[in-house]
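These notes are about the structure you will find just below.
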Amino acid sequence: MMKNYKENKPTADVLMSSMRAMGYSFEAAIADIIDNSISVQAKRIDVKFPINPSDIYIAICDDGKGMTKEELFDAMKYGSALKRGKRSEDDLGRFGLGLKAASLSQCRRLTVASKKENAISAYIWDLDVVEEKQDWLIIECTDEEIKNIKFIDYLDQYDSGTVVLWEDFDIIREASGNEYAELLGYQNSTADYLSLIFHRFLNKQGSEKLTIKINNFTLVGFDPFLEYHPKTTVRKSFTVPVKDKEGIERQITVQPYILPFQKDLSAEDKKNSGGIENYRSKQGFFIYRNERLIVWGTWFGRHRDELTKYARIKVDIPNTLDEVWGIDIKKQNARIPSSVRQRLNRAVDDAMDVAVRKQTYRGRISKIDDNIDYIWDRNDDRGTITYHINRESKIFDLIRDKVDDETWNYIDMVLEEIENSVPYQQIYIDKSQNKVNEDIDDERKAEIADKARVLIAIALKTTGDNKEDIIDRLLLSEPFNKYPELKEILLGE
């Protein structure tokens, strides 16, 4: 039977406006444009911020291969045809949408001028025009109009290159009322963001080195792994094979690092690692796609312990695994495939052998009863006793999977301060004078019972074990072990 096909094109102004709300941050939008520059082998990229309140713009200029008029017209299309075929292995693009989606998420007027084969061409997406005409109408610039494009003279010094110009920042204008001040405020955050995202390109030597300048300031790449610090522990790298969507086996390369204690860092070390505010909160996997940082400071739900407190794991994936890793259009998110997670975590555990246990508490944990899961660990280091909160206690299951990795790291820092501030002397005095209230009232018992119910519900969903076994294990943990009568109550519910 013959099928009837009917064209159903998207409404231009509606689609373009809705795509502006994809969630690009300002810094991520700039980075997306730079991805395109790197993909066309640019070695010099200049990001221009306004220097006069009466002349508002952002420009990203590069010395890459440039585009012919036909190539530029296709690049300005939503869903560039160039992305239909097989991408090169060093392509940092994704869907053929980044140039438009990233740019128009920040502004209403996008101009792109490009030079190739001694000819300069330029096109403009203007949302005012699209909304007025309600069609996919792009402005083709004449030779005279090209001469008046801001920073077009940048291309005079190179045989090829591209200028991306943003104008009319309606979102910033409506939110702050002062485009110039707001854009000025983005300069430092953009510099830091680009210094981290592209640090491996910026830190290369010789002809492979990439130079990025923001106005007259040349960026220096961060070193999130402090690779050259004498107290950084560099573990052995390894590879994990993963099949792509075509069934072809690809290799993920993994390199674990254990960073130095904070006391061993100079001010320069703290800056180079990405800032002291991120030193503890941004540990975990650093996922790179073709050496470009995509996601960092997350354990993807991996069990976190003392060994991971100062650990950063560099993971390199090729762009052929984009679908497997769920790299999004903004290149701000990725997910670790379930097929890879266990192998990757096991391999990381193997890499973090006894040599990195310098990060753990000194001495050994002493327990009255080895079968009980205590909330506090008593650490005996040759007769010197310290107490530390047991992060593996089941009570932490109430929150561990409910918060992201960065939040958990902040919680861990607060717990450390609690451990370091236990008022031992005052507790001893109050206890010796029988002033410590250790009575357990009905309200406390009700709280314990409710917490037990929450943990049982979590375990029933995640383990598949029967309820009685879960309750038996729970009653081996503090504070539940003090209430054996809970078993009958909980089983009867």
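Observations
- Mean Cβ neighbour count within 10 Å, used as a protection proxy, ranking 188-198, 469-479, 233-243 highest first: 188-198, 469-479, 233-243
- Per-residue HN-Hα couplings for segment 64-76 [Karplus 6.51, -1.76, 1.60; θ = phi - 60°; Hz; x = Gly/Pro]: x, 5, x, 9, 6, 4, 5, 5, 5, 4, 5, 5, 7
- Gain in span if fully extended, VAL220 to GLN342, counting 0.36 nm per residue against the direct Cα distance: 40.3 nm
- Estimated inter-spin distance, SER421 and ALA21, nm [label 7 Å along Cα→Cβ]: 4.3 nm
- Extension gain for GLU131-SER432 works out to 100.5 nm (0.36 nm per residue, less the C-alpha to C-alpha distance).
- Segment 116-161: radius of gyration and largest Cα-Cα distance (Dmax), Å: 13.1, 39
- The overall shape of segment 114-235, judged from the alpha-carbon gyration tensor, is oblate: a/c is not under 1.5, and a/b is no greater than b/c.
- ILE411 accessible area, assembled protein chains, probe 1.4 Å, Å²: 50 Å²
- Heavy-atom surface of segment 415-456, accessible at 1.4 Å and reported per residue (Å²): 78 Å²
- When the chain is described by a simple charge dipole with +1 on each Lys and Arg Cβ and -1 on each Asp and Glu Cβ, the residue from ILE120, ASN345, ALA21 located farthest towards its positive end is ASN345.
- Across q = 0.20, 0.21, 0.25 Å⁻¹, segment 426-473 modelled as identical point scatterers on its alpha-carbon atoms has Debye log10 I(q)/I(0) values of -0.71, -0.74, -0.86, in the order of the q list.
- In the context of the full set of protein chains, segment 115-242 has a per residue accessible area of 54 Å² (1.4 Å probe).
- Partner lysines for LYS213 [C-alpha distance under 20 Å; skip if fewer than 8 residues away on the same chain]: LYS43, LYS48, LYS65, LYS150, LYS204, LYS271
- Overall, the chain carries a charge dipole of about 1400 debye about its Cα centre when +1 sits on the Cβ of Lys and Arg and -1 on the Cβ of Asp and Glu, all other atoms neutral.
- Under 23 Å between alpha carbons - lysine pairs in segment 388-484 that sit 8 or more apart or on different chains: 19
- In Å, descending, principal axis extents of the Cα set of the chain: 90, 67, 51
- Ratio Rg/Rh [Cα only; Rh per Kirkwood] for segment 174-247: 1.16
- Two-decimal Rg to Rh for segment 173-326 - Kirkwood Rh, Cα set: 1.02
- Segment THR239-LYS270, length gained on full extension (0.36 nm per residue, minus Cα span): 8.2 nm
- Cα gyration tensor, segment 403-493 - rounded (a/c under 1.5), prolate or oblate: oblate
- For segment 117-209, a simple Cβ point-charge model (Lys and Arg +1, Asp and Glu -1, everything else neutral) yields a dipole of about 760 debye relative to the Cα centre.
- By accessible area, using a 1.4 Å probe on protein heavy atoms only, segment 222-273 has 49% of its surface on carbon and sulfur.
- Using a Förster distance of 22 Å, the FRET efficiency for GLN157-ASP74 (Cβ separation, nearest 0.05): 0.25
- Tensor-based shape of segment 217-263 (alpha-carbon gyration tensor, a/c under 1.5 rounded, otherwise prolate or oblate): oblate
- Projected label points at ASP380 and LYS209, each 7 Å from Cα along the beta carbon direction, are separated by 5.8 nanometres.
- Residue-averaged [θ]222 nm for the chain, counting only DSSP H segments that reach four residues, each worth -39500 (n - 2.57): -9500 deg cm²/dmol
- Split the accessible area of segment 439-493 by element, probe 1.4 Å, and carbon with sulfur accounts for 51%.
The values are calculated or read from the model by the stated rules, or taken from the named source; none is laboratory data. Note that this is a predicted model, so its numbers are computed, not measured. Note that we place each Cβ from the backbone using ideal geometry, even for glycine, and neighbour counts take in every protein chain shown. Keep in mind that these areas ignore ligands, DNA and RNA; they rest on the heavy atoms of the full protein, side chains included. Shrake-Rupley method; radii C 1.70, N 1.55, O 1.52, S 1.80 Å.
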